[in-house]
Structure formats: C-alpha cells, structure tokens
1. What percent do you get for the relative contact order of the range 1-88 when only Cα pairs under 8 Å and 6+ apart count?
2. Using Cα pairs under 8 angstrom and six or more residues apart, how large is the relative contact order of the range 50-148, in percent?
3. Between the range 184-214 and the range 44-102, how many Å separate their Cα centres?
4. Amide H neighbours of A57 under 5 Å, counting only residues 5+ apart in sequence or on other chains, H built in-plane at 1.01 Å?
5. Where is the GNM fluctuation largest for the chain (alpha-carbon springs, 10 angstrom cutoff): A181, A62, A244?
6. Tell me what the chain gives for mean residue ellipticity at 222 nm when only DSSP H runs of n ≥ 4 count, each as -39,500 (n - 2.57), the sum divided by the residue total, rounded to 500 deg cm²/dmol.
7. If you build a Gaussian network model of the chain, linking Cα atoms that sit under 10 Å apart, which residue out of S152, S12, S217 swings the most?
8. Between L45, L125, L212, where does the largest GNM mean-square fluctuation fall for the chain, given springs only between Cα atoms within less than 10 Å?
Amino acid sequence: MKNSKRALVTGSTSGIGLATARVLASHGIDIVLNGLEPQQEGDELARELAGQYAVNAYYCPADLSRPEKIRQMMTDIGQAGGINILVNNAGIQFTSPILDFPAEKWDQIMAINLSAAFHTTQQALPMMLDDGWGRIINIASVHGLVASVHKSAYCAAKHGLIGLTKVVALEQAANNITANAICPGWTDTPLLNDQFKAYSKQHGVTFDEAKLGLIQSKAPYPRLVAPSEIGELVYFLCTDAARAITGTSMPIDGAWTAH
Ligand code: NAD
C-alpha cells in the first residue's frame with residue numbers, strides 16, 4: 001500500500017459518492033466502491049472505472065446500518081491491501097415534523113449517517129497509521145451547520161458527524177492523517193427527489209419549478225451543486241497542498257450558510 005493512494009468511498013453507487021469515486025479515479029487513485037446494490041451491478045461500475053482510468057477498482061456491498069457488516073467489509077478491505085483515504089458518504093434522508101417522526105427512521109438515519117462513520121474510521125485508522133499517511137473526508141451537509149424544519153434526525157446526525165470529524169482531526173494531527181467534513185447544499189442527486197415532489201404537490205408547480213423554488217428558499221445561488229464539484233473538493237483534500245487543513249467543515253452551498 002505504501003506510496004499508492006487507495007480510497008474507500010461509502011455509498012458510491014449513486015450521486016455524490018459515485019461522482020467522487022470517478023474524480024478520485026481520474027487522478028489515478030485506486031477505488032473501493034460500496035453500496036446496497038447487488039454484487040453484479042457494483043462489479044460493473046468497478047470495471048467501468050478501472051477501464052476508463054487505468055486504476056484498480058472493486059465493489060464491496062455492505063449495509064452500513066449494520067456494524068457487523070461494516071466490520072466484515074473493513075476486514076475484507078484490509079486483506080485486499082487496505083486503504084489510506086476514507087470518504088464517509090453514504091447517507092439517507094427522511095422528513096417529518098418531530099411530533100410524527102417515526103422512531104425507527106431516527107435510528108436508521110443515526111446508524112447510516114453517523115454511526116457508520118465511527119465504525120469505518122475506527123477500522124480504517126490502523127491501516128492509515130501503518131501507511132504513515134491518511135485522509136478522512138466526511139460528507140456532512142449544510143444541515144451539519146444549520147437546521148431546517150422536519151429534518152430532526154438528519155440535522156442531529158450531520159451535526160454529530162462534524163463533531164466526530166473534529167475529534168479525529170485532533171487525535172490524528174501529529175500522524176499525517178487529516179479529517180475534514182464537507183457540507184454540501186442542494187446537490188443534483190436522487191436524494192432530493194422526494195423533497196422536490198412534495199414541494200411541487202404542495203405549491204401546485206412543475207417538478208422543475210419546484211427545484212428552483214426549493215433551492216431559492218435556502219440559497220441565493222440559483223442552481224444545484226454538481227456532484228462532481230463535491231468530488232473535486234474531496235480530491236483537493238487528498239493532495240499535499242491540503243496537508244494542514246484538518247478539523248474543518250467546508251460548505252459548498254451557494255451561500256446558504258452565509259445568511
Ligand atoms: P444518493 O441517494 O444519490 O446516494 C446515496 C448512496 O448511499 C447510494 O450509493 C446508496 O446505495 C448508499 N446507501 C444508502 N443507504 C446505505 C446503507 N445502509 N449502506 C450502504 N450504502 C447505503 O444520495 P447523495 O445525495 O449522493 O448523498 C450522498 C451523501 O451526501 C449523503 O450523506 C447525503 O446526506 C449528503 N448530502 C447530499 C446533499 C444533496 O443535496 N444531495 C446535500 C448535502 C449532503
């Protein structure tokens with residue numbers, strides 16, 4: 001593993017995770033993909049990345065809501081040569097007023113959006129320490145910095161993820177291992193579809209009008225962020241130029257959190 005960069009991107013069969021895997025691979029970084037899709041589908045994606053960018057890539061399906069599945073995945077990755085870049089990206093959303101928020105949805109969001117990053121980090125750190133170099137990048141959200149109604153579990157998990165990032169940064173600062181959180185605003189992925197549909201129904205507007213309406217209800221930038229733009233920031237954090245950047249939470253949000 002020494003001298004080569006190998007990244008695990010969790011939740012990388014779609015959206016920001018897949019775009020990040022593509023950007024990292026385009027810079028010659030070997031990739032471990034993860035998600036819930038069947039092995040064959042993930043293998044196809046991995047073959048596509050390996051072919052297009054001449055890197056090693058493989059797919060490790062694992063349900064990150066289950067700590068024992070994470071342990072198995074990390075053991076398998078360790079046996080396959082380990083990683084020195086960890087991108088904790090997998091995440092889900094569910095919106096509801098807190099009075100009706102289903103407890104099982106709270107538990108699921110906590111498990112996937114927060115606890116999974118604790119487990120992967122704990123198990124990836126020995127690989128990074130062994131390598132003498134590491135990068136941990138947690139895909140949080142603007143909702144790690146500010147709140148919105150109906151997102152109690154999501155906001156709590158993302159605020160928690162930023163706290164976890166800071167602790168890891170403090171503990172590993174002397175070890176050539178950085179930990180940072182990226183805080184995207186509205187980003188063009190399937191995660192937002194339910195919210196756009198609900199807005200479109202509520203306001204009697206088309207899906208595209210709903211997109212613009214919802215975006216501008218929060219951020220002055222009148223467009224969705226492209227998933228690859230998040231990937232480019234992840235890559236920058238993996239370069240030597242970013243070696244002193246640690247413990248930060250970086251918005252990429254069209255000035256949403258500038259209010
Ligand atoms: P997406 O729905 O396109 O992708 C989510 C990925 O996570 C998929 O690959 C899915 O398979 C995986 N995943 C979901 N549950 C999983 C589980 N239990 N185990 C393993 N993998 C699982 O969503 P996205 O928008 O690309 O979201 C990626 C991350 O970015 C999330 O953490 C999300 O909270 C965050 N984010 C998204 C936005 C946005 O506007 N899209 C904004 C801020 C933050």
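Nothing in this text is a laboratory measurement; each read-out follows from the coordinates by a stated rule. Just so you know, these numbers come straight off a predicted model, no measurement behind them. Cβ: placed from backbone, ideal geometry, glycine included. Neighbour counts: every protein chain shown.
1. 34
2. 36
3. 26
4. Under 5 Å from the amide H of A57 lie the amide H atoms of I31, each far enough along the sequence or on another chain.
5. A244
6. The helix-only estimate for the chain comes to -14500 deg cm²/dmol at 222 nm.
7. Among S152, S12, S217, the largest GNM mean-square fluctuation belongs to S217.
8. Judging by the Gaussian network model, the answer is L212.
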